[in-house]
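Beneath this line is the structure, given in structure tokens, with notes to follow.
The values are calculated or read from the model by the stated rules, or taken from the named source; none is laboratory data. Being a predicted model, the structure only gives us computed values, none of them experimental. Heads up, the Cβs are rebuilt from the backbone with ideal geometry, glycines too, and the neighbour counts pull from every protein chain shown.
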Amino acid sequence: MRGDRPHISVLAGSIGEAFAGVHLRHFVDGTCGAGGHSRLVALQHPELERLIALDKDREALAIAKETLEQWRELVTYVHSDYRDLESVLESEGLATVDGVLLDLGVSSMQLDTPSRGFSFQHDGPLDMRMDQSSGLSAADIVNTWSEEELTQLFRMGEERCAKKCARAIVERRSVRPFSTTLDLAEVVRPHAFKRGKIHPATRLFQALRIEVNGELEGLKEVLGQIANCLSPGGRAAIISFHSLEDRLVKHFIKERAAKRAYGEVRNVDIIEITRKPITASEEEVRQNPRARSAKLRVFEKI
């Protein structure tokens, strides 16, 4: 079931600019979601011959098929994690592609669907799995991990009161295990760090989602694959919503594009297009508050 709000593609205008001037015959949307970014690319690039649409979420792919119906003869839908990029391209008979897009994190559609358990705005099962057919759920983690493990996880998510939150969770679950999003949010609310109007549980939920879906590990694995599979002149655009994600992308680009490292000349195969990350305008944030933390970085294969 999709959420009640319409899906709004983040930084749509900037994504259009990122691929402007690139001859996109073959394109990969590694996080297709509802298909909004892919639709934009298809509209702006009539030369498109193949569009490979990946997503771990089967429900999202079903909606994307509606969004991209106009280009059904060009699109191949693959239920897969973007960390499998090279193997997917090999199975599709493509050695290289001209463009790759990753829109990291969770979509508005997922957040607004209570049964997916991504948000504390609605009560729902404490799930958070993008691929609901496998893996640990958020409930599994909060009900079985030790206080130390939970503390480390929440610190990774940049929660300043990680230890207090972990202790509160362990104490409560000894009486009754967690099963719903609102239950968890209410238990950690008094203990999490307060940030203005932002709900205190925000960073904890984000850390849980990242862990449940192995997002940081997946991003580390796919960055090198993207650079390897791009054709000369091809570009990659990556949107992140968390400082840890953006830092990984930033460091990868700096390292791969660096001409010298430790006094030795290195092989350079990409160039950085965005010296600083592109962020949403005030107008976009007004229209789509979830764009507030979005950061876009772009690199090109040489």
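Applying a threshold of 6 Å to beta carbon distances and a minimum spacing of six or more residues, or different chains, the list of pairs starting in segment 283-295 at a residue that is on the phi < 0 side of the Ramachandran plot and ending at one that is surrounded by fewer than 17 Cβ atoms within 10 Å (Cβ to Cβ) and in a helix (DSSP H, G or I) reads A291/V285; R292/V285.
For R72, indicate whether it is at pLDDT 95 or above, touching a Ser or Thr at 6+ places or on another chain (Cβ under 6 Å) and over 18 Å from L89 (Cα atoms). For R72, the condition - at pLDDT 95 or above, touching a Ser or Thr at 6+ places or on another chain (Cβ under 6 Å) and over 18 Å from L89 (Cα atoms) - is not met. Tell me, please, whether a residue that is in contact with a Pro (Cβ under 9 Å, 6 or more places away or on another chain), under 19 Å from V100 (Cα atoms), of a type outside the set (A, V, I, L, M, F, W, C) and at pLDDT 95 or above can be found in segment 268-277. No, because not a single residue in segment 268-277 is in contact with a Pro (Cβ under 9 Å, 6 or more places away or on another chain), under 19 Å from V100 (Cα atoms), of a type outside the set (A, V, I, L, M, F, W, C) and at pLDDT 95 or above. Within segment 82-95, residues that are touching a residue at least 24 places away in the same chain (Cβ under 8 Å) sit with their Cβ atoms under 6 Å from residues that are in a helix (DSSP H, G or I), at 6+ positions apart or across chains, in these pairs: Y82/V222; R83/G218; R83/E221; R83/V222; L85/V222; L85/Q225; E86/Q225; L89/C229.
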